[in-house]
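Below is one structure, written out as structure tokens, with a few remarks after it.
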Amino acid sequence: MASVPTASQALQSQATADYVVRVEDLRVEFRTSIGVTYALNGVSLEIPRGKTLGVVGESGCGKSVTGLAILQLVPPPGVVTSGTIGFRSRESRTPVNLLEYERMGPEMRHIRGKSISMIFQEPMTSLNPVYTVGNQISEAVLLHQTGEHKEAKERAIDILRKVGMPNPERIYSNYPHELSGGMRQRAMIAMALSCTPDLLIADEPTTALDVTTEANILDLMRELQQEIGMSIMFVTHNLGVVAQMCDEVAVMYLGRVVEQASVEEIFYDPKHPYTISLLKSIPRLGTNRKEHLEVIRGSVPDPYSRVTGCPFHPRCPSFMPGICDTTMPNVVYMPDSPQHFVRCHLYNDLANHQAVPSGVSNSIGGNGQ
Ligand code: SF4
């Protein structure tokens, strides 16, 4: 095992890290008549500027809620109960805490669409069926970029061309229902990118598409990212897409990030038993066709319940009785890779020796309840 970093090394890694969004200890609850669902239990993650962060995990682990919370769009009865969401725009690198803004106030309305855009699995979630595609894109441009209708139309046609629409002038006048699924997805991406955002939150954007269209859309997102230098938060359960698209990966389990690292480290040197189990459950090139894929035993606990200790302990192959079922593990940074952190008692001996980089607070450990 590599040596523990010195405090100055840890500080240097903080100083050079340029992020667009830094989420710290974010908690979201859904309060219903039958109880409280703890959707996020202290999520901390960082989205590097100009890079793609993949957010992975099983259904119900809080991936989509994290994306919605960044835009203050968690639907009722969901409420953000604590945490901070630091955002640094291209123009002003001074961080602002988005949670200090009114949910529907002028600052958040300006940030949505202009600085942070979101695309969903189902394009009709974003596209209004009673307006033409061009109308909807021009509207966003008029709102955030220029008051000139002629210029807004030209920009809309230009972005439709950029996303690979075959006849952008005609598509401009089409209604969403007149387009195929793949073209609607392109139209939604065009709308999201029309104001060259700092961050695009993409929530399973290609899950409903066939593989050829998916490959085209992923290529397109990468090209546009390079062109306008935006960051992407890519929410997905598809680890193949993560390998193709992402620079960094945050692995979520039951409303917490349990491991974050570069895509190479996640695939070739995963630390958390949940990450290891997820990777063993996907087919890989070169494996014997007769070999069975591993499954993660059990299922994600009922979101109304609160698991004591590490939330993964009822399913973990490395479970340590008396430790894992009593105490929530703290965040531990890997000594040989200061941006790689994991929340697991297996690495406790490393925690006693290291300085903790900013971005993820160790104080969110405790009993975690
Ligand atoms: Fe498994 Fe314990 Fe680590 Fe949780 S803390 S992942 S139960 S070894």
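Pairs needed: first member in the range 177-192, within 14 Å of F120 (Cβ to Cβ); second member anywhere, among the polar types (S, T, N, Q); C-beta distance under 7 Å; at least 6 residues apart or different chains.
Once the first residue is within 14 Å of F120 (Cβ to Cβ) and sits in the range 177-192, its partners that are among the polar types (S, T, N, Q) give M188/S126; M191/S126; M191/Q136; A192/S117.
Of everything in the range 84-104, what is outside any loop (DSSP other than H, G, I, E, B) and open to solvent by 30 Å² or more (accessible area, probe 1.4 Å)? Give them in sequence order. Steps first, answer last, please.
So the first thing to find is which residues in the range 84-104 are outside any loop (DSSP other than H, G, I, E, B), and the list is 84-87, 96-100.
Listed by number, the residues that qualify are T84, V96, N97, L99, E100.
Mind checking whether some residue in the range 136-144 is within 24 Å of N167 (Cβ to Cβ) and assigned to a loop (DSSP other than H, G, I, E, B)?
Step one: filter the range 136-144 for residues within 24 Å of N167 (Cβ to Cβ), giving 136-142.
Now drop any that are not assigned to a loop (DSSP other than H, G, I, E, B), which leaves none.
Among the residues of the range 136-144, not one is within 24 Å of N167 (Cβ to Cβ) and assigned to a loop (DSSP other than H, G, I, E, B), which makes the answer no.
Would you be able to tell me the number of residues in the range 105-117 that are out of contact with any Asp or Glu (no Cβ under 7 Å at 6 or more places or on another chain) and in a strand (DSSP E or B)?
If we filter the range 105-117 for residues that are out of contact with any Asp or Glu (no Cβ under 7 Å at 6 or more places or on another chain), which is where we start, we get 105-107, 109-114, 117.
With in a strand (DSSP E or B) added as a condition, the list becomes 117.
Number of matching residues: 1.
Okay, residues lined up against (1) open to solvent by 30 Å² or more (accessible area, probe 1.4 Å); (2) among the acidic types (D, E):
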{"position": "K114", "(1), (2)": "yes, no"}
{"position": "M118", "(1), (2)": "no, no"}
{"position": "E122", "(1), (2)": "yes, yes"}
{"position": "V130", "(1), (2)": "yes, no"}
{"position": "G134", "(1), (2)": "no, no"}
{"position": "E139", "(1), (2)": "yes, yes"}
{"position": "A152", "(1), (2)": "no, no"}
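Taking the residues in the range 301-314 that are at pLDDT 75 or above, surrounded by 17 or more Cβ atoms within 10 Å (Cβ to Cβ) and under 14 Å from G60 (Cβ atoms) as candidates, determine which candidate is nearest to the ligand (Cβ to nearest atom).
Going through the qualifying residues, I end up with F312.
Would you point out the residue of the range 30-52, among those that are surrounded by fewer than 18 Cβ atoms within 10 Å (Cβ to Cβ) and small (G, A, S), that is modelled with the highest pLDDT?
G50
Can you tell me how many residues within the range 258-269 are over 15 Å from the mean Cα position of the chain (by Cα), open to solvent by 10 Å² or more (accessible area, probe 1.4 Å) and under 24 Å from T206 (Cβ atoms)? It would help to see each step written out before you state the result.
Keep residues of the range 258-269 that are over 15 Å from the mean Cα position of the chain (by Cα), which gives 264-269.
Next cut, open to solvent by 10 Å² or more (accessible area, probe 1.4 Å) only: 264-265, 267-269.
If we keep only those that are under 24 Å from T206 (Cβ atoms) too, we end up with 264, 267.
Counting residues in the range 258-269 that are over 15 Å from the mean Cα position of the chain (by Cα), open to solvent by 10 Å² or more (accessible area, probe 1.4 Å) and under 24 Å from T206 (Cβ atoms) gives 2.
With the condition kept exactly as written, say whether any residue in the range 61-82 is of a type in the set (S, T, N, Q) and more than 15 Å from the chain's Cα centre (by Cα).
yes
May I ask you to list the residues in the range 71-83 that are exposed (fewer than 15 other Cβ atoms within 10 Å of the Cβ) and outside any loop (DSSP other than H, G, I, E, B)?
V79, T81, S82
Do you know which residues across the range 316-336 are near the ligand (Cβ under 8 Å from one of its atoms) and not hydroxyl-bearing (S, T, Y)?
Initially, the range 316-336 is screened for residues near the ligand (Cβ under 8 Å from one of its atoms), giving 316-320, 323-325, 329.
Answer for the range 316-336, where residues must be near the ligand (Cβ under 8 Å from one of its atoms) and not hydroxyl-bearing (S, T, Y): C316, P317, F319, M320, I323, C324, D325, P329.
State the number of residues belonging to the range 212-257 that are at positive phi and either assigned to a helix (DSSP H, G or I) or open to solvent by 20 Å² or more (accessible area, probe 1.4 Å) (or both).
Initially, the range 212-257 is screened for residues at positive phi, giving 229, 254-255.
Next, from what is left, pick out any that are either assigned to a helix (DSSP H, G or I) or open to solvent by 20 Å² or more (accessible area, probe 1.4 Å) (or both): 229, 254.
Total satisfying the criteria: 2.
Go through the range 164-205 and report how many residues are part of a loop (DSSP other than H, G, I, E, B), at pLDDT below 90 and buried (at least 24 other Cβ atoms within 10 Å of the Cβ).
Filtering the range 164-205 down to residues part of a loop (DSSP other than H, G, I, E, B) leaves 164-167, 173-175, 179-180, 194-198, 204-205.
Those still in the list that are at pLDDT below 90 too: 164-166, 180, 194-196, 204-205.
Pick out the ones that are also buried (at least 24 other Cβ atoms within 10 Å of the Cβ) and you get 194, 205.
Result for the range 164-205: 2.
The values are calculated or read from the model by the stated rules, or taken from the named source; none is laboratory data. Nothing here was measured: the structure is a model prediction, and the numbers come from that model. FYI the Cβ positions are ideal-geometry reconstructions off the backbone, even for glycines, and counts take in every protein chain you see. For accessibility, only protein heavy atoms count, side chains too; no ligands or nucleic acids. Shrake-Rupley method; radii C 1.70, N 1.55, O 1.52, S 1.80 Å.
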